[in-house]
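Here's the structure, in structure tokens; my notes come after.
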Amino acid sequence: MTETLYKRLEDAVRRAGAILKDAHATADTTYMKEGPANFVTDYDRQIQEQLIRELREILPDSHFLAEEDHMQDPLGDGYCFIIDPLDGTTNFVHDYRYSCVCVGLARHGRMHWGAVYNPYLEEMYTARAGEGAYLNSQKLYLTEAHLEDTIVAFGCARYNSDDTDRLFAYVKELYLHSQAIRDGGSAGLDMCGTAAGRSGIYIELRLQPWDFAAASLILQEAGGIVTQINGDPVTLDKPCSVLTGNPAAWRESRELLERMDI
Ligand code: IPD
Ligand code: CA
Ligand code: CA
């Protein structure tokens with residue numbers, strides 16, 4: 001892919017973010033999906049529609065695996081965009097201003113490019129496979145930091161609350177071995193925060209590929225580790241758990257969780 005194409009992809013994500021930044025959810029534009037506190041708004045759909053239209057113009061034969069409106073092609077063998085048009089919808093509904101647009105591009109089933117954009121802070125995270133990760137124009141170099149010297153970030157959605165006891169047992173253990181815990185409410189932004197060294201790890205028991213695809217490449221390219229909780233690779237074609245971090249904090253977390261044996 002040429003430099004111009006990458007630039008066009010990033011511009012499309014930035015334009016999607018502009019819609020998010022100016023939008024405010026109201027009762028008339030917010031709907032319930034399955035399960036408790038599972039919201040979708042007209043803006044999730046509007047942003048996804050615009051992204052798909054623009055990304056299709058840039059790479060015409062691509063597949064799309066996107067959260068809304070059953071736009072869920074198989075990854076296939078060529079290019080596949082993996083899109084969460086609005087990650088952090090509950091935050092958005094409450095005007096919490098911590099949400100983002102996540103667009104990953106897989107090629108032959110592996111992550112090739114990714115962008116996560118926080119329009120409120122104008123923070124654009126990008127990565128290309130094998131070429132590093134950036135926060136705006138600054139290259140990210142993740143250094144080793146022990147869990148005890150970091151913040152632990154985690155996620156849990158009310159509509160995915162089956163394993164709440166296990167998650168909170170893990171989070172309690174991690175809390176007792178770190179400086180603080182945070183649930184930001186946007187897996188994409190929280191994982192990118194780990195890539196930028198703002199937190200030592202990010203953990204969640206069940207995420208969809210669109211929640212983590214783009215951010216997983218950004219984290220790996222920054223020098224972080226991205227796996228499931230048991231250390232297996234994450235799966236781009238189905239939901240899975242996610243444990244990511246700088247190498248030292250990730251290793252120490254894995255050891256702690258394994259010792260818990262639950
Ligand atoms: C959710 C957010 C949240 C995470 C959930 C996700 P959505 O995505 O990333 O932080 O804990 O598991 O589903 O619904 O806001 O796009
Ligand atoms: Ca999401
Ligand atoms: Ca979403």
For the range 217-249 versus the range 1-70, the gap between their alpha-carbon centres in whole angstrom: 24 Å
Tell me, Ser62, Ser186, Ser161 in order of fewest to most beta-carbon neighbours within 10 Å? Ser161, Ser62, Ser186
As a check on your grasp of the helix formula, calculate [θ] at 222 nm for the chain: sum -39500 (n - 2.57) over DSSP H runs of n ≥ 4, divide by the residue count, round to the nearest 500. -11000 deg cm²/dmol
When Asp22, Asp84 are arranged by how many other beta-carbons sit within 10 Å of their Cβ, fewest first, they go Asp22, Asp84
Hand me the tally of lysine pairs in the chain: alpha carbons under 26 angstrom apart, and the pair either on different chains or 8 or more positions apart. 5
Between the DSSP loop rule and a limit of at most 13 other Cβ atoms within 10 Å, which trypsin sites (Lys or Arg not before Pro) in the range 29-82 are left? Lys33
Calculate log10 I(q)/I(0) of the range 1-154 for q = 0.17, 0.21 Å⁻¹, where I(q) comes from the Debye formula with a single equal point scatterer on each Cα and nothing for solvent. -1.04, -1.36
For the chain, with a Gaussian network of springs between Cα atoms less than 10 Å apart, report the residue from Thr30, Thr244, Thr235 with the top mean-square fluctuation. Thr30
Under 1.5 on a/c is rounded, so check that first for the range 147-259, then, if it is not, pick prolate when a/b is larger than b/c and oblate when it is not; a ≥ b ≥ c are the square roots of the alpha carbon gyration tensor eigenvalues. rounded
Neighbour-count order for Cys240, Cys100, Cys156, fewest beta carbons within 10 angstrom listed first: Cys156, Cys240, Cys100
Please report, in debye to the nearest 20, how large the charge dipole of the chain is about its Cα centre when each Lys and Arg carries +1 at its beta carbon and each Asp and Glu carries -1 there. 380 debye
Show me, for the range 66-71, the HN-Hα J-couplings you get by feeding each phi into the Karplus relation (A = 6.51, B = -1.76, C = 1.60, θ = phi - 60°), rounded to Hz, glycine and proline as x. 10, 5, 8, 6, 6, 8
Please identify which residues in the range 219-262 have an amide N closer than 17 Å to a label point set 7 Å out from the Cα of Tyr175, following the Cα→Cβ vector. 257
Reciprocal of mean inverse Cα separation for the chain (Kirkwood radius, Å): 18.2 Å
Given a cut-off of under 8 Å on Cα pairs at least six residues apart, what relative contact order in percent is computed for the chain? 17 percent
Dividing the alpha-carbon radius of gyration of the range 1-88 by 2.2 N^0.38 Å, where N counts its residues, gives 1.17
I'd like the Karplus ³J(HN,Hα) series for the range 83-94: coefficients 6.51, -1.76, 1.60, θ = phi - 60°, whole numbers in Hz, and an x wherever there's a Gly or Pro. 10, 10, x, 8, 9, x, 5, 4, 4, 4, 4, 9
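Values quoted throughout were computed directly from the atomic coordinates according to the rules given, and no laboratory measurement underlies them. Just so you know, these numbers come straight off a predicted model, no measurement behind them. Cβ: placed from backbone, ideal geometry, glycine included. Neighbour counts: every protein chain shown.
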